[in-house]
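The values are calculated or read from the model by the stated rules, or taken from the named source; none is laboratory data. This is a predicted model, so every value here is computed, not measured. Backbone-built Cβ (ideal geometry, glycine too); neighbour counts: all protein chains shown. Areas reflect the complete protein model, heavy atoms only, side chains present, ligands, DNA and RNA absent. Shrake-Rupley method; radii C 1.70, N 1.55, O 1.52, S 1.80 Å.
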Amino acid sequence: MRHHLLFHRARWATLVFAAATLFSGGALLAQSRGLVSSIDARRIGLERSWFTQINVDSGRGELSFVTPYVSHAKAFTIYEVVWETGKLEFSELERDPFGQPRGAEEALKAANAKIEELTAEGLEPKLITSVVPEISLYASTNRGVVHAIDGETGRTRWSNIIGSTDYPTLEPGVNEDYVAVVNGSTLYVVERGTGVLAWERRLSGAPGAGPAVSDEMVFVPLMNGKVEAFKLTTDEEDEELERKFRAPITLVSIGDCYLQPTVTPSVCAWVTDRGFMYVVNANKEGMLYRTEADDTVVAPITYDAKGRSLMMASIDGYVYNVDETSGAIIWRFSTGSPIASSPHVVGDSVFVVTDKGGLFCVDAETGLEQWWTPRVKKFLAGSKDRVYCTDQIGRLLVIDAKNGGRIASLPTEQLDFLITNHATDRIYVGTKSGLLQCLHEPQLARPLVYSGPGQESTETKQVKVGPDGDDAGGLGTTPAASDDPFGTGGSTTTTPSTSSDPFGTGGSSPPASDDPFGTGGGGSTPPASDDPFGTGGAAASDSPFG
C-alpha cells in the first residue's frame, strides 16, 4: 500500500513538473515571438540595444500608443577611455554600491584613474566625453496603464494606471515637466519624472485625439471641432480651489478634430477634417492664422525645427510647407497619389509615404524631389546614410538615404507595433502584447537627435581630450558654456541665432495686418461666413480671447 502511494505521488510530481515546463516554455515562446534576434539585426547592419516587456493585461489589454520624447533640459555625461586595443565607458548614471547614480564627478574620477593605469602600462589612452540627451518613451495601453521607459536602456522609470481601466486612453502629450493623458473624457496631467498626478479636469465634449503640451499649456482637440486649452500652472494661492475650478480656453475651428495637435516653441497647430490648419500661440492666449489645404488632411502636422516651418499632407497627394510664424506657404509638392501619413523630417530631407506604396525624398528647403522608391508602407526612422521603413508585407527595409536604393530587408511580419520616430535615429518596434525593442546602427552608440521643440538636427556632442585634460582634437570641440546641454558647438549644423525671443523664432512676428489669420503671405483667406472667430476683419479687440 505504501509503495502504491509513493508511486502515485511520483507520477503526480512528474505531471506537475511537465505542465510547469510546458507553461514556462510557452510563455518564453510567446515573449520571443516578434523579437528581432541579434544575429538577424547584424545581418542588415543593425544591433538590438535592448528589449523589454511592459505590463499589458493578457486578457483584454494591448499596447496602444508610444510617444518618444527628447529632453532639451536634462542630459547625462559618458566618459569613454579609448586606447589602441580597447575602450571602456564610465557613465554618471552607473550605480554605486548603495544603488545611487555615481554622478559626473565620480565617473570622471574613475575614468582618470583608468587613464593613469593605462599610461603606466605604456599605452596612450584618450578620453572622449559625450553629453547625451535624456530620451524617453511614454507607452500607454488600452487599459489606462502608462509606462515611462528610458529610450536608451529600456529601463522602466515608472508605471501608473491613469484614469479608469474601462475607458479608452489616447496618445500621451509630453513636455519637460509633465505628461498629459486623456482617459475617457477626462484630462489627467502627471509629473513627468514620477508619474504622480498633478491635476485633472473634465472635458466639455468627446475628445478626438490625444493632447499636446507646450511649456505653459495643454491643448485637447474635441470631435466637434473645438480645442480646449488649459494652463499648466496658475497664480492661484489656494491650490485645491485652483484645481477644482481650472477653466479652459475654448478655441473654435471649422470641421472635426481627430488628430493630435503639434506644438513648437512658439505655436500650437492642428488640422480638421475639412483641410483647415489653425495656428495659435503656444504659451499664451491668441490666434495667429488659419490656412487651408485643397483637400482633407488625415495625418498630424510635422514640425521642421531647422526651417521653422509646419508641414502637412492632404489626401489629394500634396505636401505643404508653411512658415510657422506668418502662415505663408513656402513650397508645395505633389506626389500624384493620396497621402494618409505625416511627412517626416530628417536633417535636410523630408520623407513622404503615399497610400499606393512609395517613398518620396524631398529637399526640405526647396521642396524639390530628390528620389522615389516603390513598395514602402511606413516610415520608421532615419540616420545620415540610411532610411528605415516597412513594406506592404511587413518586412523591415533598409534604404540608402542618398539615392533611394535598397540595401537590405528583414522578415519582421510578427511585429505588429511599429513606431514612427521623428526625434532620433533609433528604431522602436514591438508587438501589441507589450514587447518593445530598440535597434540602431552599431557605429551610432550615441543617438542622433533630429527634432523637438527648438532643436535642430544635431549629433551628440563629443570631446576628445588627452590624459592631461587638454583637447586632443579630432572629434569636436569643447562644449560651449551654455544652459543648453546639446548646444551645437560640436555639431555640423548651423548654430541657432541668439536673440531675446525665448521661442527661437529669430525675432520674426506675424505681419501687421487686419487679417486675423495672417494669410496675406500665402494662406487662403477664409470666407466671412465660415469665420468661426467672427472677426470679419475686425480689430484684435474682437478676438474670442478678449
5 Å is the cut-off here: which amide hydrogens, built 1.01 Å from N in the peptide plane, fall below it relative to VAL298, excluding neighbours closer than 5 in sequence?
ILE315
Just the accessible area per residue of the range 357-428, please: how many Å² with a 1.4 Å probe?
41
Output ordering of 63-73, 220-230 (per-residue mean of other Cβ within 10 Å, highest first) is 220-230, 63-73
Over the range 172-236, relative contact order from alpha-carbon pairs under 8 Å, at least 6 apart, %:
25
Note, the range 186-196: 3J(HN,Hα) by Karplus (6.51, -1.76, 1.60, θ = phi - 60°), whole Hz, Gly/Pro = x, goes 10, 8, 10, 10, 10, 6, 5, x, 10, x, 6
